[in-house]
Amino acid sequence: MSNLITLSDGVTHYRVEGPIGGIRLILIHGATVPFWVFDRLTPLLIERGFQVLRYDLLGHGGSSLPEKSLSYDLLVSQLTELLETLEWEKPFNIISYSLGAPISMRFVLEEPSRLNRMILVAPMINYSIRNPGMFMFKLPKLGEWLMRHFVIPLLIRRRHKRYSKIGMAHLGESFEEMTKNPEFLHTLLSLIRNGLLSDQNKIFEEMSSHKKKLMLIGAKDDRTLPIEQFEQIYELLGNPSTICYQGMGHNMILSHAEFLINDLINFFWHDVDTMD
């Protein structure tokens, strides 16, 4: 059952599922797609005894777009306040995906005692560098026009195609419905204009001091996080436990949840040696 809670910077849509007293695990999604990106993974985690908290980042899904501009500080504050309100105080595990990774790392660096272990799945390090035309979205009026008439229609077509291929066509419909909210356009522009999709090298490097608590997961066919950036992240994090899958793409957390689950669980339950 989903819930809405009003925090300092707006309404947050969240869901807690799984056994009371289970191993606590937080799921943090990436840009553009809300917490239903974990729809296939969550039941598998619950079956294995995890109590799962997933929530929509501000400006996504059922969470409101704040009056303040989106920033990493704001998104970390959202997570911190949500955990305080839910009284999740003991150390917990985290799986963060894509844009969720820089958010989770900033949270952990602020409150390292609250982390048990964390898995970074296809983490975003610098999306803008591979898209030199991004500067156009920073221009007033032109950015809005491009987002409304080019980017959002393109995202809708891609999501319908992607989700239909994995037997989840209803998610394409959900995504298209979400884009009808004017706040969604402003969310996308805010991510670009406030630098959230730009260079995150420093935060990965700082996180290397916690590499024994980290696992890095990627996919060789990921076109959003190409293998060169994945290898760069591996080095910045100080060579943590790592898996890079064949035959999967950026959407692996949804499309291949049943293939990932054993590796995820083994990391949380057991010690894992660093893999080269």
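Read-outs: derived from the displayed coordinates by stated rules, not from any lab. These numbers were taken from a predicted model, which means no experiment stands behind them. FYI the Cβ positions are ideal-geometry reconstructions off the backbone, even for glycines, and counts take in every protein chain you see.
Need one word for the range 159-219: rounded, prolate or oblate. Basis is the Cα gyration tensor (sqrt eigenvalues a ≥ b ≥ c); a/c below 1.5 gives rounded, then a/b vs b/c decides. Write down the numbers at each step before the final one.
Numbers: a/c = 3.71, a/b = 1.52, b/c = 2.45.
Judged from the Cα gyration tensor, the range 159-219 comes out oblate (a/c at least 1.5, b/c at or above a/b).
Compute the signed sum of charges (Lys and Arg +1, Asp and Glu -1) over the other residues within less than 13 Å, Cβ to Cβ, of Leu189.
Values: positive: Lys138, Lys141, Arg148, Arg193; negative: Glu144, Glu183.
Around Leu189, the charge tally is +2.
Assuming a ≥ b ≥ c are the square roots of the Cα gyration tensor eigenvalues, decide whether the range 1-131 counts as rounded (a/c under 1.5), prolate (otherwise, with a/b larger than b/c) or oblate.
Numbers: a/c = 1.39, a/b = 1.24, b/c = 1.12.
In terms of gyration-tensor shape, rounded.
Most mobile of Phe259, Phe50, Phe204 per a Gaussian network model of the chain (Cα springs, under 10 Å)?
Highest fluctuation among the options: Phe259.
Cross-link candidates for Lys90: which lysines have Cα within less than 23 Å, leaving aside residues fewer than 8 places away along the same chain?
Lys211, Lys212, Lys213
Mind sorting out which of (1) 21.3; (2) 18.9; (3) 20.4 is the real Kirkwood radius over Cα pairs in Å computed from the coordinates?
Recomputing Kirkwood radius over Cα pairs in Å here picks out (2).
Dipole of the chain, Cα-centred, from +1 at each Lys and Arg C-beta and -1 at each Asp and Glu C-beta, to the nearest 20 debye? Can you show the working numbers first?
On the way: 28 positive and 31 negative charges, 151 e Å.
So the dipole magnitude of the chain works out to roughly 720 debye.
In the Gaussian network model of the chain, springs joining C-alpha atoms below 10 Å, which of His60, His149, His160 carries the largest mean-square fluctuation?
His149
For Lys138, give me every one of the lysines with a C-alpha distance below 26 angstrom, ignoring sequence neighbours fewer than eight places off in its own chain.
Lys68, Lys180, Lys202
I'd like the distance between the alpha-carbon centres of the range 45-62 and the range 223-252, rounded to an integer number of Å.
After rounding, the separation between the Cα centres reads 23 Å.
For a quick check, take a GNM of the chain with Cα springs below 10 Å and name the residue from Ala169, Ala122, Ala257 with the largest mean-square fluctuation.
Looking only at Ala169, Ala122, Ala257, the biggest GNM fluctuation is shown by Ala169.
Which of the trypsin sites (Lys or Arg not before Pro) found in the range 156-189 are loop residues per DSSP with 16 or fewer other Cβ atoms within 10 Å of their Cβ? Before the final figure, lay out each step's value.
On the way: sites: Arg157, Arg158, Arg159, Lys161, Arg162, Lys165, Lys180; in loops: Lys180.
Passing both the DSSP loop test and the Cβ count: Lys180.
Could you grab the Rg to Rh ratio for the range 9-60? Cα atoms only, Kirkwood for Rh.
Working: Rg = 11.3 Å, Rh = 11.4 Å.
Expressed as Rg/Rh, it is 1.00.
Report the local net charge at Met168: Lys and Arg +1, Asp and Glu -1, summed over other residues whose C-beta lies under 15 Å from its C-beta. Write down the numbers at each step before the final one.
On the way: positive: Arg40, Arg158, Arg159, Lys161, Arg162, Lys165; negative: Asp39, Glu173, Glu176, Glu177, Glu258.
Neighbour charge sum, excluding Met168 itself: +1.
Run through the DSSP bridge list for the chain and note the antiparallel percent, rounded to the nearest 5. Show your work: numbers first, answer last.
Values: 9 of 33 bridges.
Antiparallel bridges make up about 25 percent of those DSSP assigns within the chain.
Through the Karplus equation 6.51 cos²θ - 1.76 cosθ + 1.60, θ set to phi - 60°, convert the phi angles of the range 82-87 into ³J(HN,Hα) values in whole Hz; use x for Gly and Pro.
With coefficients 6.51, -1.76 and 1.60, one gets 4, 5, 5, 5, 7, 6 Hz.
Measure of size requested: the Rg and Dmax of the range 70-159, with Cα atoms as the atom set and Å as the unit; please supply both.
In Å, with Rg to one decimal and Dmax whole: 16.9, 47.
What is the Å³ per residue value for the convex hull set by the Cα atoms of the range 114-188?
Enclosed volume per residue, from the Cα hull, is 163 Å³.
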